[in-house]
Amino acid sequence: MRDLSSTELSETLLGWYDIHARSMPWRIGPADRATGVTPDPYRIWMSEVMLQQTTVAAVKEYFTRFTTRWPTVTDLATAEDADVMAEWAGLGYYARARNLLKCARVVAFELGGQFPDTLDGLLALPGVGPYTAAAIASIAFDRSEAVLDGNVERVMSRLFNIHDPLPGVKPVLKDKAASLTPALRPGDYAQAVMDLGATICTPKSPACGICPWVAPCAARAEGTAAELPKKTPKKPKPTRYGVAYVARTTEGAWLLERRPDKGLLGGMLGWPGTDWGDAPSRNPPFTADWSRLEGEVKHTFTHFHLILKVETARIPEGFNLRPDQELLPQAGFKPSDLPTVMRKAFDLYQGNPPIKALG
DNA sequence: AAGGCGTGGCC
DNA sequence: TGGCCAAGCCT
């Protein structure tokens, strides 16, 4: 069989998408789009930032909560930092939340409330990189820009049977992706190729039998689809140790710390604690008769495992707060405002009373 | 430019 | 159950 042209390939995929497009809270489906309905760039941007390295299932509820609470970019731009960070808690990669707010303020206060509609304009925004800029340009503004995310990398490496490992081969895959991106319906095409990767051309046991691109797929012909894309091996994660200190006043207020903007869990609220190092240590926030809780928190970050002990004590009268510390009254404290590792420490506290009762 | 940066689901 | 993976960005 002769090779299919780029146009034939993209039209085949768009035909598949017209039938099988997934429904999502931020998506304008192909039928509505065909009648002239256009996406809200604010919602597309919000969804794309949330979807960075994050599953659709995890994003849906966060997207709904954010866009209900802050329906426009100006609403978000005028929000309190702490409210946005608390709303993001649990979604991970917290630099995204800080950049989300930074970006909203740029758009609202420096760009007249309108998102840039060009690739370069979008790329200049905080938290918007090559993938997200192309996604917004194509999906929100129907510009013919090629998206390259993990799905597209996998689809391209298989369609063209490319065995060179990621991330080195990324520029080649980007060229392939660009060669297929159509001038017509680029927004639908971008979502189609990602839907294909997410539902058919999956990492393990791809469903080649029902794939609209089974005929032109080079890896399918060679029987190598399931082993692509190749990736350079990852380093093993070390294990680190630490202690979190959960302390309350006699009135029931909780002692929490705002973490510095840069670094792990940047900008988030958390319990006072030790550094997380190669060996256990102690560093309580005040001198007291600390009780260690039974059990421990196990948590895995991107690049290390953590084993966290939890200690608790009564906060003494007249305790002086550092600027980064706050006493949150019971009524104003929600465990769901904490990043997951800190919420796990809270859960341990809730479930396992200390060996010694608090005074 | 290679490593830092979260979390939950899946097998 | 431990590693892999998810619509990556920043420095």
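The values are calculated or read from the model by the stated rules, or taken from the named source; none is laboratory data. Source: prediction; values computed, not measured. Note that we place each Cβ from the backbone using ideal geometry, even for glycine, and neighbour counts take in every protein chain shown. Only protein heavy atoms, including side chains, enter the accessible area calculation; ligands, DNA and RNA are left aside. Shrake-Rupley method; radii C 1.70, N 1.55, O 1.52, S 1.80 Å.
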Worksheet entry | Residue pairs meeting the criteria (Cβ under 7 Å; at least 6 apart or on separate chains; first within 8 Å of DNA strand C (Cβ to nearest atom), in region A:49-60; second not in a helix (DSSP H, G or I)) | A:V49/A:G127; A:Q52/A:Y93; A:Q53/A:Y93; A:T54/A:L91; A:T54/A:G92; A:V56/A:M24; A:A58/A:L91
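Yes/no per residue for (1) under 27 Å from A:Q325 (Cα atoms); (2) among the hydroxyl-bearing types (S, T, Y); (3) in a helix (DSSP H, G or I):
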{"site": "A:A58", "(1), (2), (3)": "no, no, yes"}
{"site": "A:F63", "(1), (2), (3)": "no, no, yes"}
{"site": "A:T67", "(1), (2), (3)": "no, yes, yes"}
{"site": "A:D75", "(1), (2), (3)": "no, no, yes"}
{"site": "A:A82", "(1), (2), (3)": "yes, no, yes"}
{"site": "A:E87", "(1), (2), (3)": "yes, no, yes"}
{"site": "A:L91", "(1), (2), (3)": "yes, no, no"}
{"site": "A:R98", "(1), (2), (3)": "yes, no, yes"}
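Looking for whichever is out of contact with any Phe, Trp or Tyr (no Cβ under 9 Å at 6 or more places or on another chain) and crowded, with 21+ Cβ neighbours inside 10 Å here; the options are A:A108, A:A133, A:A140, A:A97. Which one fits? Walk me through it before giving the result.
Details: A:A108 fails: crowded, with 21+ Cβ neighbours inside 10 Å; A:A140 fails: out of contact with any Phe, Trp or Tyr (no Cβ under 9 Å at 6 or more places or on another chain); A:A97 fails: out of contact with any Phe, Trp or Tyr (no Cβ under 9 Å at 6 or more places or on another chain).
Being out of contact with any Phe, Trp or Tyr (no Cβ under 9 Å at 6 or more places or on another chain) and crowded, with 21+ Cβ neighbours inside 10 Å holds for just one of A:A108, A:A133, A:A140, A:A97, which is A:A133.
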Worksheet item: Looking only at region A:273-296, which residues are surrounded by 12 or more Cβ atoms within 10 Å (Cβ to Cβ), in contact with a Gly (Cβ under 9 Å, 6 or more places away or on another chain) and not in a loop (DSSP other than H, G, I, E, B)?
Response: A:G273
Item to complete: Scan region A:111-127 for residues that are open to solvent by 50 Å² or more (accessible area, probe 1.4 Å) and assigned to a loop (DSSP other than H, G, I, E, B) and report the count.
Response: 6
Discussion item. Please determine whether any residue of region A:108-128 is β-branched (V, I, T) and within 12 Å of DNA strand C (Cβ to nearest atom).
Written reply: yes
Worksheet item: If you go through region A:78-90 one residue at a time, do you hit one that is more than 10 Å from DNA strand C (Cβ to nearest atom), more than 20 Å from A:L265 (Cβ to Cβ) and surrounded by fewer than 15 Cβ atoms within 10 Å (Cβ to Cβ)?
Response: yes
Worksheet item: What is the one condition in (1) in a loop (DSSP other than H, G, I, E, B); (2) surrounded by 15 or more Cβ atoms within 10 Å (Cβ to Cβ); (3) within 15 Å of DNA strand C (Cβ to nearest atom) that A:M46 does not satisfy?
Response: (1)
Worksheet item: List, please: which pairs have Cβ atoms under 6 Å, are six or more places apart or on different chains, and start with a residue in region A:76-95 that is in the same structural domain as A:K60 (by TED's automatic domain parsing) and more than 21 Å from A:K60 (Cβ to Cβ) and end with one that is away from DNA strand B (no atom under 15 Å from the Cβ) and assigned to a helix (DSSP H, G or I)?
Response: A:A77/A:A104; A:A77/A:R105; A:A77/A:A108
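Which one of these is of a type in the set (K, R) and open to solvent by 60 Å² or more (accessible area, probe 1.4 Å): A:R69, A:R27? Let's see the steps before the verdict.
On the way: A:R27 fails: open to solvent by 60 Å² or more (accessible area, probe 1.4 Å).
It is A:R69.
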Discussion item. Can you confirm whether A:R259 is within 16 Å of DNA strand B (Cβ to nearest atom), buried (at least 17 other Cβ atoms within 10 Å of the Cβ), at pLDDT 95 or above and not assigned by TED's automatic domain parsing to the domain that holds A:A21?
Written reply: yes
Worksheet entry | Restricting region A:143-167 to residues that are within 23 Å of the chain's Cα centre (by Cα) and farther than 22 Å from A:S5 by Cβ, the residue that is most open to solvent (accessible area, probe 1.4 Å) | A:P167
Discussion item. Kindly evaluate A:P41 against the criterion of being modelled with pLDDT of 95 or more, more than 16 Å from DNA strand B (Cβ to nearest atom) and crowded, with 18+ Cβ neighbours inside 10 Å.
Written reply: yes
Worksheet item: Going through region A:83-106 one residue at a time, which ones are over 15 Å from A:F66 (Cβ atoms) and hydrophobic (A, V, I, L, M, F, W, C)?
Response: A:A95, A:V106
Discussion item. I'd like to know if region A:170-189 contains one or more residues that are crowded, with 21+ Cβ neighbours inside 10 Å, of a type in the set (F, W, Y) and more than 11 Å from DNA strand C (Cβ to nearest atom).
Written reply: yes
Fill in: The listed residue being open to solvent by less than 80 Å² (accessible area, probe 1.4 Å) and not in a strand (DSSP E or B), out of A:A331, A:A345, A:A313
A:A345
Discussion item. Looking only at region A:190-204, filter to residues that are within 16 Å of DNA strand B (Cβ to nearest atom) and in a helix (DSSP H, G or I); which one of those is most open to solvent (accessible area, probe 1.4 Å)?
Written reply: A:T199
Worksheet item: Quick check: is even one residue across region A:96-108 more than 16 Å from DNA strand B (Cβ to nearest atom) and small (G, A, S)?
Response: yes
